[in-house]
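So the structure is just underneath, and the comments pick up after that.
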Amino acid sequence: MKTLLRLLLAGFALASVAALRAEISAQAWLETYYLNPQPAQVPAAIERLSREGYFERAENTAVAIGFLGTVFAQNPDKVEGWLDQLNTLPARDQRLLAAALWQSGHPLGANWLRLLAQKSPVRSEVERLANTPSQRVVDTTVRSPSSMRLQWGAFLASGDGRHVVAILDGFGLNEPGLTSATRMALAQHASAHPRVMDICRAQLDRQPEEIRSELRAALNAAAKPSPRS
């Protein structure tokens, strides 16, 4: 009887763990992907992101393109199969996937953009983008909050510190709005992601003083306890 009870309790525990994992949102999956990349989950996760409305929020567009573009670049041999699984997504989300494919440098990106352009009210602009050689995210200079989010999405896909370092470019332009946005973003990311904190600390001895001072401010903000704690 005791053995049976232990087996039942173990079964309940495993079921609870499985249920807990199932409750993790698609956004949480995206934001922790770099810790344990599992490409096999990508199509289902994209469908969940679409259903949960993640792609509809303007602040997520560049993050999603940076993330998916990097994942596509990491898995070029899987892209065509993924697209077959995702062909029922809303047109809005398919346009975002096409932009991510183009950003990744995958040839299907330009081809898909051209197909989507045929039904687009801004056909000429989409075709112009399709005919322009893509630029890797890591080579994209941060000149706006949008390009900063592009780098952040690429980091979430890869954990590559180059994307965090690229965000520091936002300090170098001395634009008040961009500087404050970069400081707030780095503080938030460093607080939530220990790897980002480590990368930023390592940069303190490598950046010019004007960037170091802003970076210190971001790290000091990240180290402060949240109001709820």
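Summary table below
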{"item": "Filter pass, Leu204 being surrounded by fewer than 16 Cβ atoms within 10 Å (Cβ to Cβ), of a type in the set (A, V, I, L, M) and more than 26 Å from Phe55 (Cα to Cα)", "result": "yes"}
{"item": "Enumeration of residues in segment 35-51 that are surrounded by fewer than 19 Cβ atoms within 10 Å (Cβ to Cβ) and not aliphatic (A, V, I, L, M)", "result": "Asn36, Pro37, Gln38, Pro39, Gln41, Pro43, Glu47, Arg48, Arg51"}
{"item": "Exclusive hit being modelled with pLDDT under 95, of a type outside the set (Phe, Trp, Tyr) and outside any helix (DSSP H, G or I), set Pro37, Pro121", "result": "Pro121"}
{"item": "Which listed residue, of Ala117, Ala99, is surrounded by 15 or more Cβ atoms within 10 Å (Cβ to Cβ) and over 21 Å from Gly153 (Cα atoms)", "result": "Ala117"}
{"item": "Among residues of segment 52-65, those that are surrounded by fewer than 16 Cβ atoms within 10 Å (Cβ to Cβ), in contact (Cβ under 8 Å) with a residue 12 or more places away in the chain and either within 13 Å of the chain's Cα centre (by Cα) or assigned to a helix (DSSP H, G or I) (or both), counted", "result": "2"}
{"item": "Residues of segment 186-196 that turn out to be buried (at least 18 other Cβ atoms within 10 Å of the Cβ) and free of Cβ contacts under 8 Å to residues at least 40 places away in the same chain, as a count", "result": "6"}
{"item": "Residue tally, condition farther than 17 Å from Ala62 by Cβ and acidic (Asp, Glu), over segment 81-97", "result": "1"}
{"item": "Residue in segment 124-135 that is touching a residue at least 12 places away in the same chain (Cβ under 8 Å), crowded, with 24+ Cβ neighbours inside 10 Å and either touching a helix residue (DSSP H, G or I) at 6+ places or on another chain (Cβ under 6 Å) or over 20 Å from Ile211 (Cβ atoms) (or both) present", "result": "no"}
{"item": "Contacts under 6 angstrom Cβ, first residue in segment 79-108 being within 17 Å of Phe55 (Cα to Cα), partner of a type in the set (Ser, Thr, Tyr) and in a helix (DSSP H, G or I), 6 or more apart", "result": "Leu89/Ser50; Asp93/Ser50"}
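The values are calculated or read from the model by the stated rules, or taken from the named source; none is laboratory data. The structure displayed is predicted, hence computed values, not measured ones. Positions of Cβ are generated from backbone atoms using ideal geometry, with glycine treated the same way; all protein chains shown enter the neighbour counts.
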